[in-house]
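Shown next, in structure tokens, is the structure this report addresses.
Computed from the coordinates by the stated procedures, all read-outs in this text should not be read as laboratory data. The structure displayed is predicted, hence computed values, not measured ones. Using ideal geometry, Cβ is built from the backbone for each residue, glycine included, and neighbour counts are taken over all protein chains shown.
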Protein chains: 2
Amino acid sequence: MKKRISDKIINRLTLYHCILNDYIDKGEEHISSGQIAQLLKVDDSQVRKDLNLLNNSGKSRVGYIVKELKKSIESTLGFAKTKKAYIVGAGNLGLALAKYRDFSNYGLNIVALFDVDESKIGKEVNNKKIYDIKELPAYVWKEFVDIAILTVPAQYAQSCAEFLTKAGTKYIWNFTPKVLKVPDGVQVWNENIMGNFLQFTYDLN
Amino acid sequence: MKKRISDKIINRLTLYHCILNDYIDKGEEHISSGQIAQLLKVDDSQVRKDLNLLNNSGKSRVGYIVKELKKSIESTLGFAKTKKAYIVGAGNLGLALAKYRDFSNYGLNIVALFDVDESKIGKEVNNKKIYDIKELPAYVWKEFVDIAILTVPAQYAQSCAEFLTKAGTKYIWNFTPKVLKVPDGVQVWNENIMGNFLQFTYDLN
């Protein structure tokens, strides 16, 4: 049994991980909690508290060892166990997510895209093929993929969700601005981009 | 002074608002907390608690009055005061956000896009013009826009952030997978899509 880490901490650990990647690119071997704190404009004590949650944070006399801290965040957040997912809707948003190189570094493996548009079907984006949506049920069963990333236009979101759950999808990462009605046993993760914007700007009013 | 509402509640209120829009489209006049709870698979008591935070939730004998509840969420979350923003990077993600019709309903007015790609400059998307990034400083001063939505490729994120802050940008909604180093007085809102995915999938490990 793992200790449950709060959503806010997961969010911050992911940002620390981004910073560590940059440090590795720059050839830096050590990093201090203060350097992380300054970049994210949060308290140093907060960063230290978060990093103390890791099993082995790679702390040394001269700061954290970048590569060890990175590995430790990865094992804590479960990057190691890769999750396969497919994108439904090869519009701008679907294509942007398919091209996002960093996903695979975080344990998300996007295996295919699906669309209804014949001019798109058969094409490839970032080595992932765009299939006819009609082929989805057979594909899902054959490849054991149970995470769908939903990026269709809002008006097709609900009917698409129904089609996906009938095909055996268990998790829908929903990028549409619609609340989806799904059967019990199916989880919807709402990306809720507008909700994020309203959170960020709440204090600006 | 407003009472500060937590990020999680803002997030949920935004989803309730999506549901209310659907009810209005269907011509429904009333909605119960139980109907909202069922769609989002959360506790009825949770929904009632959230709605009690609103000044006037439009509660009547037969449930909440859809239109009043909607208005009440809008005034609480500050939809009324429109915020202008521009998109930097007219790639797939930038175009997807520019085409997102619902933003304007939530008080976000995307006024323009900027890019370096000459084949894109001068074109329009969803009635928003794509400008040469060189024109950004003059545009920002003339139009008083201080929110930038950053959707450039990761390798240009930091240099772009520096260019934006020099041009007077005060808030950067960062969709890139990079942590940005910005001067004091500038706020970065990290969309952190991968962090969200890791939150959602944390219990699946």
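Find the relative contact order for segment A:105-150 and round it to a whole percent, using C-alpha pairs within less than 8 Å whose residues are 6+ positions apart.
30 percent.
Peptide B:8-19 shows a mean partner chain C-beta count of 5 within 10 Å per residue C-beta. Below 8 Å, C-alpha to C-alpha, sequence gap of six or more: please give me the relative contact order for segment B:1-96 in percent. Relative contact order for segment B:1-96 comes out at 26 percent. Each helix, a run of at least 4 DSSP H residues, gives -39500 (n - 2.57); summed and divided by the residues of chain A, these come to -12000 deg cm²/dmol at 222 nm. Seen from every direction in turn and averaged, the convex hull around the alpha carbons of segment A:126-197 projects onto 5.6 nm². Between the amide H of A:N109 and those of A:K83, A:K84, A:A85, distances stay under 5 Å, these residues lying 5 or more places away or on another chain, with hydrogens modeled in the peptide plane. The GNM of chain A, with springs linking C-alpha atoms under 10 angstrom apart, assigns the highest mean-square fluctuation among A:I110, A:I172, A:I36 to A:I36.
Mean per-residue shielding of peptide A:184-194 is 6, counting Cβ atoms of other chains within 10 Å of each Cβ. In terms of overall dimensions, the C-alpha atoms belonging to segment B:25-124 reach 59, 27, 25 Å along their principal axes, ordered largest to smallest.
For chain A, modelled as a GNM whose springs connect Cα atoms under 10 angstrom apart, the maximal fluctuation among A:I147, A:I24, A:I121 occurs at A:I24.
Amide hydrogen proximity for A:H30: with H placed 1.01 Å from N in the peptide plane, the residues at 5 or more positions away or on another chain lying under 5 Å are A:V66.
Comparing A:A80, A:A90, A:A98 in a Gaussian network model of chain A, where Cα atoms under 10 Å apart are tied by springs, the biggest mean-square fluctuation is seen for A:A80. Which entries in A:K83/A:K129; B:K81/B:K134; A:K99/B:K123; A:K71/A:K123; A:K70/B:K170; A:K81/A:K134 show an alpha-carbon gap greater than 25 Å? Result: B:K81/B:K134; A:K71/A:K123; A:K70/B:K170; A:K81/A:K134 exceed 25 Å. The ranking of B:L93, A:L39 by Cβ neighbour count inside 10 Å, starting from the fewest, reads A:L39, B:L93. Taking every alpha-carbon pair under 8 Å whose residues sit at least 6 apart, segment B:59-192 reaches a relative contact order of 19 percent.
Rounded to the nearest 20 debye, the dipole magnitude of chain A is 580 debye, with +1 charges on Lys and Arg beta carbons, -1 on Asp and Glu beta carbons, and the Cα centre as origin.
Taking one quarter of the surface of the convex hull spanned by the alpha-carbon atoms of the protein assembly as shown gives a direction-averaged projected area of 21.5 nm².
Expressed in units of 2.2 N^0.38 Å, where N is the residue count, the Cα radius of gyration of segment A:69-143 is 1.24. At q = 0.21 Å⁻¹ the log10 of I(q)/I(0) for segment B:88-181 amounts to -1.11, computed by Debye summation with a single uniform scatterer per C-alpha, solvent ignored. Given B:N21, A:W141, B:I9, which one lies farthest toward the positive end of the charge dipole of the protein assembly as shown, if we put +1 on the Cβ of every Lys and Arg and -1 on the Cβ of every Asp and Glu? Toward the positive end, the furthest listed residue is B:I9.
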